[in-house]
Every structure is written in structure tokens, then in C-alpha cells.
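The values are calculated or read from the model by the stated rules, or taken from the named source; none is laboratory data. What you are looking at is a predicted structure, and each value in this text was computed from that prediction instead of being measured. We place every Cβ from the backbone using ideal geometry, glycine too, and count neighbours over all the protein chains shown. Side chains are part of the model used for accessible areas, which takes the heavy atoms of the whole protein and leaves out ligands, DNA and RNA. Shrake-Rupley method; radii C 1.70, N 1.55, O 1.52, S 1.80 Å.
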Amino acid sequence: MDKPLIFITRKLPEKLIEPLKEIAEVDMWHSEDKSVPYSILVEKAERATGLLTVLSDQIDENLFQQAPHLKVVANLAVGFDNIDVEAATKRKIVICNTPDVLSDTTADLAFGLLMATARRLIEAAQYVKANQWNSWSPYLLAGRDIHHKTIGIVGMGKIGETLAKRTTGFDMNILYHNRSRNIQAEEVLHATYCEFEELLRKADFVVCLTPLTDETKHLFNERAFQAMKETAIFINVSRGGVVDEEALLKALNAGEIAGAGLDVFAEEPVNADHPLVQHPHVVSFPHIGSASIETRTKMITLCVENILDILHNKEPKAVVNGEVLIKE
Ligand code: DGY
């Protein structure tokens, strides 16, 4: 019998995908940093039983229509807004992701971005490198304090909770907004649940961690930024689509908020001439939330395990559309 075909959309370390090779034919895109063109992805999917995808791959109804053997898509991310999950579920295709293994690393980055933005760390490093440091002056590159301030976390899932844990070492007051109450965060970390508007009004740092869905698209709009303090700093480590970028730019230019730290953009990769990237009060990163060597290794390993589980008719560890696994 022919081995099932697994197509991997980015070049990944051979060692990590070896377990797949024992029971499947593995076809891997040759580039580590260039996306596979959509037309080739669809062509590959035609014969594939499984796909190992990254967050910039568009996995849609059209692809599913042309992939009659497809059983599983394992996305190398916790977010899965690049996948039409409803269309997959209709066809009983299992969608897997990589939760939990990246929570600590992403929370570290979120807090690092918050610190970099509030304390102007990137500007300061560039200042020294550019040989601009001529004398000491009292307010040279003075930023804003983080300790004893109020953080407002929008989206209190695993990453939110892990970030909240980090902030306790800085004696921060923690507010959060989420679809449902997070009792663990309230009891253990003393986080206080707030309505969205109240959080925006009270927080010194507003951190967006909510996934991109139809409901959260442009959640951070003109009204949201107007509700924030003039001294507030906005941090986004979720998805660019949760933010109306024009409204953010307007708010920064009008002094309605003080700054922003952005790890994600509506269009990625973002162009260097994007007005938000060039804005003096914005720190931007190239979507590196979970990018540590250890965590990326864990994420790839989890994707491989998820696919192997499906090939062995077992329940994978991380399934987005569990209803597909329920036997009728
Ligand atoms: C995710 O896993 O969704 C992150 O955005 C990747 O860094």
C-alpha cells in the first residue's frame, strides 16, 4: 500500500520530522523563509493526507475541495485564523494547533515589548550605536515606569495568565477582560475582571492577546483608543487584524495614547515605510512572539505528533475542531 503523503510548507529541521518519515512520504517546501505559493500548496494538497502549515498559509475551502485525501492540517501556531475551520469541519478534516508549549515564550516577548516601548529601549540602544551620546542629561531618553502601574490584559487565556504572572514581580495591578471569567487568574494572581471599556479607561498598559475572529476584528478601533488614557501604551502580540491600524495611527498622532508596541500587523511582512513602523512612538517586531529556539522546536514536535496521532487513528493532543473526532 502507498504511504500517506504529508506536505510541509516550510523547510524544517530534518531531525524533527524523522518520525513522520517512518510511516509517511514527506514532501517539504525548500525554503525556510519564503512562503509556498498558494497554487503550489493547492497542487500539493491534492495528493496529501496531511499538511503541516505555518500561519501565513491560506488554508481555505477552495484548497479543501481539491484535497480529497486530506485528513489533518497541523498549524505551527496557536492561532488558526489562516484556516477556514468551518469548511474543514464540514469535510471532517482535523485542524490541530500548538497551544501551551508557547505560552511562556510568548508572555516573555509580550512583557519584553512592553518594557521596550515604555522605557524606550530600542531608541536608547540605537542612540549609543549612532554615537549620539555626548553628555548625561536628566531627561535623556526618559520613558515611563512599569512597576506599580496597571496592566489591562484583553484575552485572559493561557498566554494572558502567564503574562499576568510576570507582572506580579513588578507589583502591577492586573485588570483583564475575557469572554469568560478566569477564576484561576482572579484567585491566584489577584487579577480583576473588567468590562472592555472600563479596562481601557483604567489601564496604563493595554495588552491585546485575544485571537482574531469575526467578533474581534478591529476590536481596537477609534472608540477604543479614545477611551484609553493619554499616557497609555498599547501592546499587540495577537494578530494585526484585531486592530484598526488607521485608528491606531490617528490616536498616536493626536496624542490620544502615548505609544504602541506591535509584534503583529494586518499585512505581514509589514513594509518598512508603513507609517506605524516609522512612527517615533512605536516599537515594532516581525511577529516573533513564540520565536525561541526551544519553543519553536517544541511547536514543530507537537505538529509532528498531531499528524502521527491522526495517522495512527488516535486523538491528537491539540485539536481545534474536536467535533470531527466524535464517532457517530
Ligand atoms: C501563534 O502561535 O499564533 C503565534 O502568533 C506565533 O508566534
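Here are the numbers for this structure:
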{"item": "The chain, dipole about Cα centre (Lys/Arg Cβ +1, Asp/Glu Cβ -1), debye to the nearest 20", "result": "540"}
{"item": "Relative contact order of the range 23-136, pairs being alpha-carbon contacts under 8 Å that are 6 or more residues apart, as %", "result": "18"}
{"item": "Other-chain or far-sequence residues with amide H under 5 Å of Leu76's (modelled H)", "result": "Thr53, Val54, Leu55"}
{"item": "Over the range 103-284, relative contact order from alpha-carbon pairs under 8 Å, at least 6 apart, %", "result": "20"}
{"item": "Solvent-accessible heavy-atom area per residue, rounded to whole Å², over the range 237-288 at 1.4 Å", "result": "45"}
{"item": "Prolate/oblate/rounded call for the range 184-310, Cα gyration tensor, a/c under 1.5 rounded", "result": "oblate"}
{"item": "Formal net charge of residues neighbouring Leu140 (Cβ-Cβ distance under 13 Å; K, R +1; D, E -1)", "result": "+1"}
{"item": "FRET efficiency, Arg223 to His147 (Cβ-Cβ, R0 25 Å, nearest 0.05)", "result": "0.25"}
{"item": "Amide proton proximity set for Val283, modelled H, under 5 Å, gap of 5+", "result": "Ala260, Gly261, Leu262"}
{"item": "Residue among Asn306, Asn97, Asn131 with the largest mean-square fluctuation in a Gaussian network model of the chain, springs linking Cα atoms under 10 Å", "result": "Asn131"}
{"item": "Cα-centred dipole magnitude for the range 176-232, charges only on beta-carbon of K, R (+1) and D, E (-1), debye, nearest 20", "result": "40"}
{"item": "Derived scalar couplings ³J(HN,Hα) [the range 254-266; Karplus, 6.51 cos²θ - 1.76 cosθ + 1.60; whole Hz; x for Gly, Pro]", "result": "7, x, 6, 9, 8, x, 8, x, 10, 9, 9, 9, 4"}
{"item": "Trp133-Ile40 pseudo-label distance in nm [points 7 Å out on the Cα-to-Cβ vector]", "result": "4.5"}
{"item": "Most positive-pole-ward Cα, Ser137, Ser238, Gly259, against dipole of the range 103-284 from beta carbon charges", "result": "Ser137"}
{"item": "In the range 195-284, GluC sites (Glu not before Pro) in a DSSP loop with at most 14 other beta-carbon atoms within 10 Å", "result": "Glu195, Glu215, Glu230, Glu267"}
{"item": "Which listed pairs, of Lys92/Lys314; Lys71/Lys317; Lys71/Lys314; Lys11/Lys34; Lys90/Lys217; Lys92/Lys158, have C-alpha distances above 18 Å, in listed order", "result": "Lys90/Lys217; Lys92/Lys158"}
{"item": "Positive minus negative residues near Glu294 (Lys, Arg vs Asp, Glu; Cβ under 13 Å)", "result": "0"}
{"item": "Within the accessible area of the chain (1.4 Å probe), percent carbon and sulfur", "result": "51"}
{"item": "Environment charge at Ala251 (Cβ cut-off 15 Å; Lys +1, Arg +1, Asp -1, Glu -1)", "result": "-2"}
{"item": "Ranked order, Ile40, Ile17 - accessible area, probe 1.4 Å, largest first", "result": "Ile40, Ile17"}
{"item": "Length-normalised contact order of the range 179-328 in % [C-alpha pairs under 8 Å, at least 6 apart]", "result": "16"}
